[in-house]
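Notes follow the structure.
The values are calculated or read from the model by the stated rules, or taken from the named source; none is laboratory data. Bear in mind the structure is a predicted one, so any value in this text is a computation, not a measurement. In this analysis, Cβ positions are derived from the backbone assuming ideal geometry, glycine residues included, and neighbour counts consider all displayed protein chains. Note: areas computed on protein heavy atoms with side chains; ligands, DNA, RNA excluded. Shrake-Rupley method; radii C 1.70, N 1.55, O 1.52, S 1.80 Å.
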Amino acid sequence: MNGANTFVPLSASAIEAALQPHARAAIASVRVLEETDSTNTRLLAEPLARTGFEVLFAESQTAGRGRRGRTWHSPKGAHLYFSVSTAYRGALSLLPPLALAVGVACAEAVETVTGLPIRLKWPNDLYLEGRKLGGILIETQAMTRAPVHVVVGVGLNVRMPVEAGAGIDQPWSDLRGAPQAVDRNLLAAALLDALSTALLKFEAEGFAPFKADYARRDLLLDHAVEIHAANGETRSGRALGVDSEGALCVQSAPGVPVERLRAGEVSVRL
Ligand code: BTN
């Protein structure tokens, strides 16, 4: 029954039991905390495991962080907040579009579990019905030599409590529209199945193998967009898609050269 209000806590053993064999082999540990400041902060502070992904979920975060210094509202038991810590051994120059590949993996997993059509808004957002469903925050720990300690953080709205929703300053969505009530443990396992595959593939091959799947879910593709630069300047253009380095291609008028926007340098609105 959709909308059932029975609270099922997250459980590391339930998540592990639902993992596919390839993910079970790739993941060194899954932990669930009742509360933490931020799963990203916590994993960044821990020593890097040399083999296997370390996964940390929390039922709530007291200092959940989004991109651009924003707060990620993390009400208790409502959503999924988790981070995956990994030793990245690929080329550093290929790392920037990792968030786009992670977005593709998360979108596929959420769509498989819920049947809901998930789109991606460049560079790091998951969208449902034109509103933000989730976000990705990738951080690295400065290391003097390879491998690089990379932490992939994912926040995904599952069932937004009324009070929490009122405090969010942008249109949001959650998974209540799914035909079946969402089991967070099964959704967590599906996300880890997809992420295990994606992280290994990205390390070996970069963003190129994800480009076509990204394009199929690209919310901005062929839309007029507003580009906001860090210095406060705003300009407009038409989004032409994402290239194999994860840059957003934008044209301000027909016939003028296409601009390649890099994540972190600008923000883009529809
Ligand atoms: C964004 O859209 O701005 C990114 C949001 C990322 C939120 C997740 S929740 C788990 C992990 N821990 C954090 O503090 N942030 C990420």
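Got a number for carbon plus sulfur as a percent of the range 15-168's accessible area, 1.4 Å probe?
Values: 3450 of 6450 Å².
The computed percentage sits at 53.
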Looking at the calculated P(r) for the range 198-270, what percent of the C-alpha pair distances fall above 15 Å? 57 percent
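Please work out the FRET efficiency for the pair S13 and L219, using the Cβ-Cβ distance as r and a Förster radius of 45 Å; give the result to the nearest 0.05.
0.80
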Tell me which residues come under 5 Å, amide H to amide H, from G64 once H is placed; ignore anything under 5 positions away on its chain. W72
What percentages make up the Cα-Cα pair-distance distribution of the range 162-205 when the bins are 10 Å wide from 0? 21, 29, 33, 16, 1
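Send over a whole-number figure in Å² for the accessible area per residue of the range 105-149, probe 1.4 Å. Kindly include the intermediate steps, with their values, before the conclusion.
Details: 1890 Å² over 45 residues.
Per residue, the range 105-149 has 42 Å² of solvent-accessible surface.
Write down the accessible area per residue of the range 188-270 in Å², having rolled a 1.4 Å probe over the full set of protein chains. Can you show the working numbers first?
Values: 4130 Å² over 83 residues.
With the other protein chains kept in place, the range 188-270 gives 50 Å² per residue.
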Inter-centroid distance (Cα atoms) of the range 97-112 relative to the range 217-252, Å: 20 Å
Using the Karplus curve 6.51 cos²θ - 1.76 cosθ + 1.60 with θ = phi - 60°, what ³J(HN,Hα) values do you get for each residue of the range 75-89, in whole Hz, with x for Gly and Pro? x, 4, x, 8, 10, 10, 10, 8, 9, 10, 9, 9, 8, 8, 10
Using θ = phi - 60° and the Karplus relation 6.51 cos²θ - 1.76 cosθ + 1.60, list the HN-Hα couplings for the range 228-243 in order, rounded to whole Hz, with x at every Gly or Pro. 10, 7, 4, 7, x, 6, 10, 9, 10, x, 10, 7, 10, x, 10, 8
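Counting only heavy atoms of protein chains, what accessible area per residue, in Å², does the range 18-69 have with a probe of 1.4 Å? Mind showing how you got there, number by number?
Working: 2530 Å² over 52 residues.
Per-residue value: 49 Å².
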I138 long-range amide H proximity, modeled H, under 5 Å: G153
Extent along principal axes [Cα atoms of the range 144-270; Å; largest to smallest]: 49, 43, 33
Each residue of the range 101-118 in turn: what ³J(HN,Hα) in whole Hz from Karplus with 6.51, -1.76, 1.60 and θ = phi - 60°, glycine and Pro shown as x? 5, 5, x, 4, 4, 5, 4, 5, 5, 5, 5, 5, 6, 9, x, 8, x, 9
Give me P(r) over the range 27-128, computed from all C-alpha to C-alpha distances, binned every 10 Å, as integer percentages. 13, 38, 42, 6
List the extent of the Cα atoms of the chain along each of their three principal axes, largest first, rounded to whole Å. 56, 46, 31
Given H placed on each backbone N at 1.01 Å, which residues far from K132 in sequence or on other chains put an amide H within less than 5 Å of it? W172, S173
Toward the positive end of the charge dipole of the chain, about the Cα centre and with charges on Cβ (Lys, Arg +1; Asp, Glu -1), which of G77, T41, A17 goes farthest? T41
Counting only protein heavy atoms and using a 1.4 Å probe, what share of the accessible area of the range 209-269 belongs to carbon plus sulfur, as a whole percent? 50 percent
